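Q: Below is one structure. I have some questions about it.
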Amino acid sequence: MKGFLLRRVLQIVPTLLVVAIIVFLITRIMPGNPAAVLLGPQASVEDIEAYAQQLGLNDPIISQFFQYIINLITFDFGNSLTYNQPVITLLIERFPNTILLALSALVIAMVIGVPAGIIAAKRQNSFIDYLVTTFSLVGVSMPIFWLGLMLVLFFSVNLGWLPATGMGSFDDGLWAGLRHLILPSIALATIPAAEFARIIRSSMLEVVSQDYIKAARSKGVHEFFVICKHGLKNALTPLLTVIGLQFSNLLGGAVLTETIFSWPGMGLLIVDAIERRDYMVVQSTVLFIAIIYVVINLIVDILYKVVNPKVNLDTGGGK
Amino acid sequence: MHNETASDRELLYEEQYKRAQKEQSFMRKLLRNKLAAFGFFVMIVLVFTAIFAPWIATHPPHQMDVTRTLLGPGEMGHLLGTDSYGRDTFSRIIYGARISLIVGVAAVVFGAVFGSLLGVISGYFGGKIDAIIMRIMDGMMAFPFILLAIVLMTVFGQGLMNVIFAIGIANIPGFARVVRGQVLSVKEADYIDVTRSLGAKNTRIIFHHVLPNSIAPLIVYATMAVAGAIISEASLSFLGLGVQPPTASWGSMLQEGKDYLVLNPELATISGLAILITVLSINLFGDGLRDALDPKMKI
Amino acid sequence: MGEELLRVEDLFVEFKTGSIVTKAINGVSFSLHQNETLGIVGESGSGKSVTASAAMRLIPNPPGRITSGSIVYKGQDISQLNESKMRKLRGNEMSMIFQDPTTSLNPVFTVGHQLMESIRIHKNLSKREAKQESLRMLELVGIPAAKQRLKMYPHEFSGGMRQRVMIAIALSCQPQLLIADEPTTALDVTVQAQILALMKDLQREFGMAIMMITHDLGVVWETCDSIIVMYAGQVMERGSVRQVYDKPLHPYTWGLLDSQIASDQNSQEVLPAIPGSPPDLSFDVQGCPFADRCPYVEEICRESKPARVAIEDGHEVACHFQTDTSELTRKEEANIGASATGS
C-alpha cells in the first residue's frame, strides 16, 4: 500500500507540470505585450516597460519558464495589481469558502441523488423511476447560474426566507452560517445530484440481478441491508469515478454559483478579477483550482482501492 | 469461463427477466425515442428561429427606447416586455438563438476536427507520440471546462470568434480521448492487419478504415458537446466574457436580468428557460441517438 | 427416511412483464423428507430453479408471483407467510447454494464477514463466538488454513474452495433443508466429485434434506434418493431414483437419459438429444406440453392434458399412454430403435 501511494503521488507530477505549462503558455501567448494587457489600458508606456522587466518578460522564454516553475513550487503565484497583495494570500483566504460550498453541494447531491437512484432501480419502470429519470435529465441540462437566480427570486425575493447573497459565520451560531449556505449549495448540487441518480440507478440495476444479492436474501438478510449493504457497496466503484469527475463540475460551477450569491470564494475572486481586468489573479486562481482538482482525483483513486478489494492498482488494473 | 457457465444457466426466471428487460428496453426505446423526437423537433424549431430571426422578431434586437424600459410581458406591444434599455425581450431571445447555435456548433466542429486529429495520431501511432499527446490532454482536462474557457477568454478578449475558439479549444481533449479509444479498438480488428499486409499506407488506413468506424460514437459525443458548448457560451456571456454587447446572447441577457431581478424578473426567467429548453432537447436527442446507434456505447 | 419436512402442493407461479404473463410453474407437487435427497431435473426453462426459489419464497416480486398452491414446511404453509417470518427461516431452517460460487459470493466482503453475517442474524452470539463458529464451519468444509482464509476476499479463492465457502455459509446455522441449485455445474469435473462427496458427508452429519436442482442425471444417480422430472413447469415423472432409472415411463425422461448417454460418450457439450425446444409459456398450452417434441405424439396428446397416474408405489407419470402396458412396450421398442439411430 505504501509503495502504491508513493507511485500514485509521483504519477500526478507530469500532469501538474502540463497544467503549469498550459497556464504559462496561455499567459505568454497573449496578443501584444502581456504587461500591457495585465496593467490595462490606462497604463503608461513607462509603467508597462517597468512591469515587463519585473515579470521577466524580457528574459529568454526558457528562463522565464524555469522562473515560473520555481515560483510555483515556492507558492509564489505573483502579485495582484488591483488587490495590492500576493495572489497566494487571496487564494488562502478564499479557498476554504469554496471548499465549504463545494463539499456542502457534494453532500446534498449524494443525499438526494444516491437514494433517488436506488429507489428508481428498485422500482424499475414504475412512476417513481420515470420521475427520477426525468428529473435527472433536466438536472444535467440545467444552467446552474439561472437556477441560482430562480432560487433567489423565489426564496429570497418572493418568500423572504433565506438571504440572497453573502456568507454567514458559523461563529454566530449554526443557523447564521447555514442560512447563507443553503441556496448556493442547492444550486451547485443540482448537476451532480442528477449524475449520481443516473449512475447509481444504472449500476444498481446491474447489481440487483447478481447471484450474491439472491444469496444474501437466502441467508435471511433484511431487504434493506441486501440493497444498502450488499448492493450499494458493489455499486460504489462507478459512483466514486463520477464523484471524481463531478469535482470538476463543482469547482467550475462554484465560479458561477459564487457570482450569483456573492459567495466570497475563489470563483467570486475570478469574476471580480475579470471585471477589474486583473488577469494575473484569474490565471493563478484557475491554475490553483486545477491543482486542487488533480489532488482530489488522486484521493479518489486511492479510495478506489479501499472500496474495491479486487482492484489491484499496483499493477494498474483489476484482476 | 464466465460465458460458458452463463450459457449453462438454467434459470427460467432469468430468461424471463431477460425477456422482460428486452421488452422493457424496447418500451424504453419507444419512450426515449418519443423524447428524442421531441428534442429533435425543438432543435428544428430553434434552427428555423435562428435562420428566420429577422422575420420572427417583432423589433430590431438592438433598438433602444428609453421611454419603454423594463416593461412587463404584453405591455405596449412587447410580447415578453423590455429590458432596462427598452429593448424588446422577445426579439432578443429570437436573435439569441443565433448566437447559441452558432457558438454551439462552430466550437464543437473546431474541437472535433482538432481533437479527432490528435486522437487519431495518438491512437494510431502509439508509443511516445501517444504518451505526449495524452499527457497534454490530461493536463487540459485537469481544468474544469468552464475555467479553461475563462482563462482562454482573458487572453483572447471578448467577441464571437474568440468565444468559439475558447470553447472549441476546451473541447479538444474530450474528442481526442473518444477518438483515440475508438482507434485503439478498431486497430485491434483483424481487417486492419489484412489491409496493412496488402500494402496500404498509414494515411489510407486512417481515412478509409479507422475514421469511418469511429463515426457513430463521435456523432453522439458531438451532440452532447453542443449542449455543453451552449451552456458554456451562456456562462461566459453571463460572466461578461462572452460576445460583445449589445449582441443579444441568452447568457448576457441573463446577466442583465440578474440586476433587475426584482423589477423585471421575466428577463432572467425567460432567457434562462431558453437555455434550459435548448440544452435539454439536445441532450434528449443525443440520448436517443446513442440508444439508436448502439445501446452499449459508453459515453 | 424420516418425517416429512417439505410438501409442495399444486404450486402455480407466474411472471408478469408488461402485458405478457408467463406461467412458469403449473401445478407442481412433491414432498421431501428428513435426510432425503430429492433431485429435480429438466432442461433449461423447465421451471426447476423457479421451484427451488419458490420453496424459499425468493421469487422476485414483481415480476413473479405464487398464484396458487401451498408450500408446507414442518406442517406450516409458508406460501403466504410474511417477510419477517420468512427471513427467520431463510439461512436458519432452510438455505441455498448456487451454481456459480464466483457470482454468489459478494466480491466486496471478506469470506469471514459473509460467514458471520448469517450466523449473527440467526444465532444470538457475540462477535467472538460467531467468529469461532465461522472458523469451525470453514474447517468442517475442508478449507485449509481457515484462520487466515477468514480475512480473505472471494477472488482470492479457487472455484472449488469458493463453493466450499458457500456450503459453509449455507450450513452455518445447521438448516433442515438445503437447496442446491446446480452446485457443481460451474466446477471442474474432479472438483465436482469432491463437492458432491462433501455434501453427502455433511448431510449425514447434520441430517438435513437436500433438494438438488440439476440437469445432470449423473449427479442425480450418485446423490439422490428420489427424483422429479420437470418440463414446461410441470412434473412429468416422479419416483425413486431406482424406479425412474430402471423403468423410465415418460418419453421426455427417455430423451433426457439418451442425451445423457450421448454426452457421456463424447464427453463434450451436453446437447439435447430431443429435437425442438420447450413451449413458450406465455401462451396457454393445451394438452401435453411435450406433444410438439414427442416422437410418439397422437391426437389426444394435443387435445387434453394427461393426468398424473401412479404406475407403482411412489412412481407417477403424466402421459396418456402409460396405463396401457402393451402400448408402453411398443413405445419402448420404438425408443430403442430411435435412440440407436439418433446417437
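Q: On the full set of protein chains, 1.4 Å probe, figure out the accessible area of residue A:44 and give it in Å² to the nearest 10.
A: 40 Å²
Q: Compute the signed sum of charges (Lys and Arg +1, Asp and Glu -1) over the other residues within less than 11 Å, Cβ to Cβ, of residue C:222.
A: 0
Q: Related question: According to a simple spin-label model (label point 7 Å from Cα along Cα-to-Cβ), what is the distance in nm between residue A:13 and residue C:70?
A: 7.6 nm
Q: Mind listing the Cα extents of region A:87-278 along all three principal axes, in Å, largest one first?
A: The Cα atoms of region A:87-278 stretch 64, 38, 33 Å along the principal axes, largest first.
Q: A further question on this structure: Hey, which aspartates and glutamates would be in cross-link range of residue A:233, C-alpha to C-alpha under 20 Å, not counting anything within fewer than 8 residues on its own chain?
A: The qualifying aspartates and glutamates are A:195, A:206, A:211, A:223, A:301, C:117, C:156.
Q: Hey, another quick one. Given R₀ = 60 Å, FRET efficiency for residue C:127-residue B:66 by Cβ-Cβ distance, to 0.05?
A: 0.15
Q: Take region A:1-123, drop everything but the C-alpha atoms, weight them equally and run the Debye formula without solvent; then report log10 I(q)/I(0) at 0.14, 0.19 Å⁻¹ to two decimals.
A: Treating every Cα as an identical point scatterer, log10 I(q)/I(0) equals -0.85, -1.16.
Q: Hey, another quick one. Could you tally the net charge around residue C:13, taking each other residue with its Cβ under 13 Å from the Cβ of residue C:13, Lys/Arg +1 and Asp/Glu -1?
A: Around residue C:13, the surrounding residues sum to +3.
Q: So how far apart, in nm, are the two label points at residue C:152 and residue A:93 if each is 7 Å from Cα heading toward Cβ?
A: Those two pseudo-labels are separated by 5.9 nm.
Q: Let me know the mean shielding of C:84-91 by other chains, meaning the per-residue number of their Cβ atoms within 10 Å of its Cβ.
A: Per-residue shielding by partner chains comes out at 3.
Q: Where does the protein assembly as shown land on Rg(C-alpha)/(2.2 N^0.38 Å)?
A: Computed over Cα atoms of the protein assembly as shown, the ratio equals 1.16.
Q: So for the protein assembly as shown: antiparallel DSSP bridges make up what percent, rounded to the nearest 5?
A: 65 percent
Q: Using amide H atoms built in the peptide plane, which far-off residues or other-chain residues are under 5 Å from residue C:228 H to H?
A: C:39, C:40, C:41
Q: Convert each backbone phi in region A:220-226 into a coupling constant with the Karplus relation 6.51 cos²θ - 1.76 cosθ + 1.60 (shift: θ = phi - 60°), then list the ³J(HN,Hα) values in order as whole Hz, x for Gly and Pro.
A: Once θ is set to phi - 60°, the couplings for region A:220-226 become x, 5, 4, 3, 4, 6, 4 Hz.
Q: Here is a follow-up. What's the whole-number percent of alpha carbon pairs in region C:63-128 lying beyond 20 angstrom?
A: Values: 1006 of 2145 pairs.
Tail of the P(r) past 20 Å holds 47 percent of the pairs.
Q: Per residue of A:207-213, what is the mean number of Cβ atoms on other protein chains within 10 angstrom of that residue's Cβ? Numbers along the way, then the final one.
A: Numbers: counts 1, 1, 5, 4, 13, 12, 4.
For peptide A:207-213, the averaged partner shielding equals 6.
Q: Taking the Cβ of residue B:130 as the center, what net charge do the other residues with Cβ under 14 Å away carry, scoring Lys and Arg +1 and Asp and Glu -1?
A: Cβ neighbours under 14 Å give a net charge of +4.
Q: Compare the peptides C:29-36, A:128-135, C:227-234 by average per-residue count of other Cβ atoms within 10 angstrom and give them in order, highest first.
A: Ranking, from highest mean packing down: C:227-234, C:29-36, A:128-135.
Q: Taking beta carbons within 10 Å but only from partner chains, what does the mean come to for residues B:233-239?
A: 4
Q: Right, something else. Once the piece of chain linking residue C:189 and residue C:221 is laid out straight, how much longer is it, given 0.36 nm per residue of separation minus the C-alpha distance between them?
A: Details: separation 32, 0.36 × 32 = 11.52 nm, distance 1.57 nm.
Once the chain is fully extended between residue C:189 and residue C:221, it gains 9.9 nm.
Q: Could you derive backbone 3J(HN,Hα) for region A:103-114 from the dihedral phi with the Karplus parameters 6.51, -1.76 and 1.60 (θ = phi - 60°), listing whole Hz in sequence and x where the residue is Gly or Pro?
A: Karplus-based 3J(HN,Hα) across region A:103-114 equals 5, 4, 4, 4, 4, 4, 4, 6, 4, 8, x, 5 Hz.
Q: May I pose another question? Mind giving me the FRET efficiency for residue A:158 and residue B:207? R0 is 51 Å, r the Cβ-Cβ distance, nearest 0.05 is fine.
A: Efficiency computed from Cβ-Cβ geometry: 0.30.
Q: Oh, and also: Return one number: the angle in degrees, 0 to 90 and rounded to the nearest 10, between the long axis of the Cα atoms of helix A:2-28 and the longest principal axis of the Cα atoms of chain A.
A: 40 degrees
Q: Give the average over all directions of the projected area of the C-alpha convex hull of region B:38-124, one decimal, in nm².
A: Here the figure is 7.9 nm², rounded to one decimal.
Q: Follow-up question, since we're still on this one. Can you give the convex hull volume of the alpha carbon atoms of chain C per residue, in Å³?
A: Numbers: hull volume 48.0 nm³, N = 343.
Dividing the Cα hull volume of chain C by its residues yields 140 Å³.
Q: How much length is gained on full extension from residue A:223 to residue A:75, taking 0.36 nm per residue of separation minus their Cα-Cα distance? It would help to have the intermediate numbers written out before the result.
A: Working: separation 148, 0.36 × 148 = 53.28 nm, distance 5.22 nm.
48.1 nm is the gain from fully extending residue A:223 to residue A:75.
Q: For the peptides A:95-101, C:287-293, what is the packing order when you average, over each peptide's residues, the other Cβ atoms within 10 Å and list the highest mean first?
A: Highest mean packing first, the order is C:287-293, A:95-101.
Q: Taking the alpha-carbon set of region C:100-238, what are its Rg and Dmax in Å?
A: Gyration radius and largest Cα-Cα distance of region C:100-238: 15.7, 50 Å.
Q: Amide H neighbours of residue C:234 under 5 Å, counting only residues 5+ apart in sequence or on other chains, H built in-plane at 1.01 Å?
A: C:26
Q: Oh, and also: Hey, rough spin-label estimate for residue A:169 and residue A:62, points 7 angstrom out along Cα→Cβ, what's it come to in nanometres?
A: Those two pseudo-labels are separated by 5.3 nm.
Q: Hey, another quick one. Compute the helix-to-body angle for C:325-342: its Cα long axis versus the longest principal axis of chain C, expressed 0 to 90° and rounded to tens.
A: 70 degrees
Q: With axes computed from alpha carbons, what is the tilt in degrees of helix C:251-266 against the longest principal axis of chain C, rounded to the nearest 10 within 0 to 90?
A: 60 degrees
Q: A follow-up question, please. From the phi angles alone, apply the Karplus equation (6.51, -1.76, 1.60; θ = phi - 60°) to region C:99-106 and give each ³J(HN,Hα) in whole Hz, x where the residue is Gly or Pro.
A: Per residue, the Karplus-derived 3J(HN,Hα) values read 4, 10, x, 5, 9, 8, 9, 6 Hz.
Q: So which of C:88/C:147; A:229/C:151; A:2/C:123; A:214/C:16 end up more than 30 Å apart by C-alpha?
A: Beyond 30 Å between Cα atoms: A:2/C:123.
The values are calculated or read from the model by the stated rules, or taken from the named source; none is laboratory data. Note that this is a predicted model, so its numbers are computed, not measured. When we count neighbours, we look across all protein chains shown, and the Cβ atoms used for this are built from the backbone with ideal geometry, even at glycine. Accessible surface is based on the protein model in full, side chains and every heavy atom, while ligands, DNA and RNA are left aside. Shrake-Rupley method; radii C 1.70, N 1.55, O 1.52, S 1.80 Å.
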